[in-house]
Amino acid sequence: MSTPDNSIQSTLVENRVFPPSEATVKAARISGMEGYNALCAEAENDFEGFWARLARENLSWNKPFTQVLDESDAPFYKWFADGELNASYNCLDRHLGTPTESKNAIIFESDDGKVTNVTYKELHAKVSQFASALKEMGVQKGDRVVIYMPMTIEGIVAMQACARIGATHSVVFGGFSAKSLQERIQDAGAVAVITANYQLRGGKELPLKAIVDEGIAMGGCESIKNVIVYQRTPTACKMVEGRDSLMHEVTAKANPVCEPEFVGAEHPLFVLYTSGSTGKPKGVQHSTGGYLLWAKLTMDWTFDLQPNDVFWCTADIGWITGHTYITYGPLAAGATQVVFEGIPTYPNAGRFWQMIEKHKVSIFYTAPTAIRSLIKAADADAAVHPDRSDLSSLRILGSVGEPINPEAWMWYYKNIGGERCPVVDTFWQTETGGHMITPLPGATPLVPGSCTLPLPGIMAAIVDETGNDVPNGSGGMLVVKRPWPSMIRTIWNDPERFKKSYFPEEMGGKIYLAGDGAVRNIDNGYFRITGRIDDVLNVSGHRMGTMEIESALVAHPMVAEAAVVGRPDDLTGEAIVAFVVLKRSRPTGDEGKAIAKELRDWVGKEIGPIAKPKDIRFGDNLPKTRSGKIMRRLLRGVAKGEAVTQDTSTLENPAILEQLAQNL
Ligand code: PRX
């Protein structure tokens with residue numbers, strides 16, 4: 001991985017360009033740069049008319065909207081506010097009575113390779129009956145429901161069922177700890193948790209329900225009235241009388257018919273917690289109408305979805321990518337999609353390629369981290385090399401979650417895409433709801449490592465601290481100058497933090513600040529994302545706040561102080577490095593190693609295994625300015641193993657750097 005500065009440099013030297021083939025252009029929904037430019041011009045000439053047309057053409061409204069964009073309370077923008085619709089209706093009922101109803105909505109492959117197909121009609125029945133069960137338990141429109149589920153058909157059913165009755169779901173990734181779960185239940189004020197007894201990953205049975213019990217027992221979760229358990233494996237789990245029930249039992253007893261609850265377009269479809277630069281994770285609140293419009297439309301635009309495509313997004317429903325490009329987008333667009341329970345390296349690192357062959361996947365969407373680790377695996381073992389699988393069904397490849405380095409891009413393009421499939425490097429965020437800057441497969445000439453150009457209607461720009469545009473070739477902050485339908489509406493319970501985090505006063509308070517640095521190519525204006533400009537890390541495409549990890553560390557009884565920074569990592573993009581001062585003397589040798597392990601496990605328990613620091617360094621102190629501020633920039637250098645060239649005269653104790661540079 002390159003540092004942000006190197007990325008800027010490689011933008012200047014990256015001169016490989018891959019235009020789409022003539023045949024691809026001809027067949028695409030958005031055909032050629034003329035097609036792209038025409039849509040951009042439409043958005044520029046009549047911004048509201050553009051979005052209104054798309055919202056009418058792409059969604060079914062129970063009550064049509066008359067207002068398009070309401071900016072009166074900016075930055076609390078409202079879209080299609082007087083219109084009414086239901087997300088589950090748009091994903092399921094809308095296809096009934098059309099040829100889509102008998103098409104597979106989901107091809108589910110379990111961890112151990114068992115395949116289950118579900119048609120749209122069957123999925124509609126499953127969702128309806130489970131939605132009835134939730135209603136019969138007393139879950140109402142506007143209630144929050146926490147979903148802590150494995151990657152299964154039932155996980156998607158749970159989300160869709162909430163949407164059907166107007167309950168706001170909050171999915172918590174199955175790798176988060178009991179404490180993280182408890183904090184989210186509490187902040188959301190959830191009335192129910194939907195979970196599974198266990199999840200299966202890589203041949204292992206991992207508990208979920210026990211973690212729910214542990215989280216609720218930590219207190220502050222009195223709002224929870226029901227815990228519904230999907231029996232994923234035969235292993236029994238503890239059930240609490242009067243509170244817990246089994247998903248298949250409550251579903252079997254419930255009314256098979258459940259009319260969708262039509263809600264206002266601004267009704268919160270879900271809250272998804274994500275890390276920010278300060279404090280606790282924030283609950284990103286998304287709307288129903290605007291969100292769903294963009295989920296559906298970006299399926300059509302970015303992936304050029306055609307009726308016979310088999311789409312596969314390898315994300316987990318615990319992240320935004322799984323929300324938009326598993327639970328909502330593909331279903332709203334009537335696609336057939338593969339849903340995978342397991343991990344890419346089990347039973348071997350050829351699993352993805354074997355699955356593409358087996359299910360004849362035509363659109364494959366994954367993360368650079370997965371690609372990088374599979375490159376390594378393929379280099380080490382020819383038996384798992386993609387050339388062992390028939391990948392000829394593929395026609396489009398996608399990348400998401402972190403910058404993709406040009407080398408990984410080229411490998412993906414050549415070895416997976418056979419130099420015939422466009423690679424769409426999609427830049428977006430939990431907050432943006434869907435793609436923002438991405439190539440279009442039948443239009444945009446591709447440049448490895450660049451997310452190229454904003455989608456039509458997305459007014460992305462690069463500015464300086466005061467909000468003024470910087471010239472192409474100069475780095476700056478990525479912003480979006482006009483609202484868009486799928487944007488974050490607020491932070492759950494914290495509208496002030498919403499304003500402060502995303503709409504800085506210095507820029508006038510109405511421009512969305514993404515939190516990423518970016519630079520545009522001098523010649524073609526292509527965007528390249530250079531990484532976060534705040535204290536947010538991206539480890540294997542997982543977003544984590546340094547402050548969150550620091551708080552977890554200092555909560556350990558032995559720790560006096562901690563500072564966490566990111567270090568570039570070839571495999572995971574960034575790796576977490578923690579600098580720790582203990583209340584006792586600085587440990588060394590085996591004792592240091594043992595304490596480091598204890599702290600890593602502690603962070604795993606506090607947040608989740610994904611937040612465990614890769615490297616822990618102990619010091620008698622941390623490098624601080626005379627006014628007491630920790631000098632993170634210096635620590636980032638130390639973490640990378642760089643010699644300190646900076647002026648350290650303002651440091652209270654310059655000798656400390658040498659100590660912190662020592663690895664255990
Ligand atoms: O830093 C950017 C990076 O991931 C961040 C958003 O993380 P999250 O909200 O977890 O959403 C991930 C899935 C959309 C961004 O602020 N990021 C995401 N996609 C890209 C990217 N960085 C570079 N290129 C991308 N394609």
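The values are calculated or read from the model by the stated rules, or taken from the named source; none is laboratory data. Here the structure is a predicted model, which is why all the values come from computation and not from measurement. Neighbour counts run over all protein chains shown; Cβ positions are idealised from the backbone, glycine included.
Listed by first and then second residue, the pairs with beta-carbon distance under 9 Å, at least 6 apart or on different chains, first residue in segment 212-224 and at pLDDT 95 or above, second in a loop (DSSP other than H, G, I, E, B) and among the polar types (S, T, N, Q), are 214/177; 215/177.
What is the number of the single condition among (1) under 21 Å from residue 20 (Cβ atoms); (2) aliphatic (A, V, I, L, M); (3) within 16 Å of the ligand (Cβ to nearest atom) that residue 367 does not meet? Among (1) under 21 Å from residue 20 (Cβ atoms); (2) aliphatic (A, V, I, L, M); (3) within 16 Å of the ligand (Cβ to nearest atom), the lone unmet condition for residue 367 is (1). The single residue among 634, 660, 664, 599 that is under 30 Å from residue 281 (Cα atoms), crowded, with 16+ Cβ neighbours inside 10 Å and in contact (Cβ under 8 Å) with a residue 60 or more places away in the chain turns out to be 660. The strands (runs of 3 or more DSSP E) falling completely within segment 142-214 that include 3 or more residues that are within 30 Å of residue 350 (Cβ to Cβ) map to 198-201, 204-207. Within segment 107-131, restricting attention to residues that are over 18 Å from residue 334 (Cα atoms) and of a type in the set (D, E, K, R), which residue is surrounded by the most Cβ atoms within 10 Å (Cβ to Cβ)? Per the stated criteria, the residue is 111.
The residue list 224, 216, 185, 194 contains one member that is in contact with a Cys (Cβ under 6 Å, 6 or more places away or on another chain) and under 17 Å from residue 170 (Cβ atoms), which is 185.
Among the residues of segment 371-387, the ones that are away from the ligand (no atom under 16 Å from the Cβ) and either closer than 23 Å to residue 30 by Cα or of a type in the set (A, V, I, L, M, F, W, C) (or both) come to 8 in all.
Would segment 391-405 turn up any residue that is surrounded by fewer than 18 Cβ atoms within 10 Å (Cβ to Cβ), closer than 29 Å to residue 531 by Cβ and not assigned by the TED database to the domain that holds residue 107? Scanning segment 391-405 turns up no residue that is surrounded by fewer than 18 Cβ atoms within 10 Å (Cβ to Cβ), closer than 29 Å to residue 531 by Cβ and not assigned by the TED database to the domain that holds residue 107. Filtering segment 508-518 down to residues that are out of contact with any Pro (no Cβ under 7 Å at 6 or more places or on another chain) and either within 19 Å of residue 431 (Cα to Cα) or in a strand (DSSP E or B) (or both), which residue is farthest from the ligand (Cβ to nearest atom)? This residue is 511. When 423, 463 are checked against the criterion of being more than 13 Å from the ligand (Cβ to nearest atom) and within 30 Å of residue 272 (Cα to Cα), 463 stands alone in meeting it.
Conditions (1) part of a loop (DSSP other than H, G, I, E, B); (2) within 14 Å of the ligand (Cβ to nearest atom); (3) among the aromatic types (Phe, Trp, Tyr); (4) not assigned by the TED database to the domain that holds residue 31, marked per residue:
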{"residue": "431", "(1), (2), (3), (4)": "no, yes, no, no"}
{"residue": "435", "(1), (2), (3), (4)": "yes, yes, no, no"}
{"residue": "443", "(1), (2), (3), (4)": "yes, no, no, no"}
{"residue": "449", "(1), (2), (3), (4)": "yes, yes, no, no"}
{"residue": "456", "(1), (2), (3), (4)": "yes, no, no, no"}
{"residue": "467", "(1), (2), (3), (4)": "yes, no, no, no"}
{"residue": "472", "(1), (2), (3), (4)": "yes, no, no, no"}
{"residue": "478", "(1), (2), (3), (4)": "no, yes, no, no"}
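Filter segment 388-420 down to the residues that are near the ligand (Cβ under 9 Å from one of its atoms) and either part of a loop (DSSP other than H, G, I, E, B) or modelled with pLDDT under 95 (or both) and list them by number. Within segment 388-420, 401, 402, 403, 404 qualify. The residues of segment 166-182 that are surrounded by 21 or more Cβ atoms within 10 Å (Cβ to Cβ) and farther than 17 Å from residue 217 by Cα, listed by number, are 166, 167, 168, 169, 170, 171, 172, 174. Counted as qualifying within segment 519-584 are the strands (runs of 3 or more DSSP E) with 1 or more residues that are farther than 21 Å from residue 177 by Cβ and either touching a Cys at 6+ places or on another chain (Cβ under 6 Å) or more than 16 Å from the ligand (Cβ to nearest atom) (or both), namely 527-532, 559-569, 573-582. Residues satisfying the criterion are absent from segment 487-507 (criterion: within 15 Å of the ligand (Cβ to nearest atom), in a strand (DSSP E or B), outside the structural domain of residue 460 (by the TED database) and under 30 Å from residue 605 (Cα atoms)).
In segment 199-211, the condition of being among the β-branched types (Val, Ile, Thr) and touching a strand residue (DSSP E or B) at 6+ places or on another chain (Cβ under 7 Å) is met by no residue.
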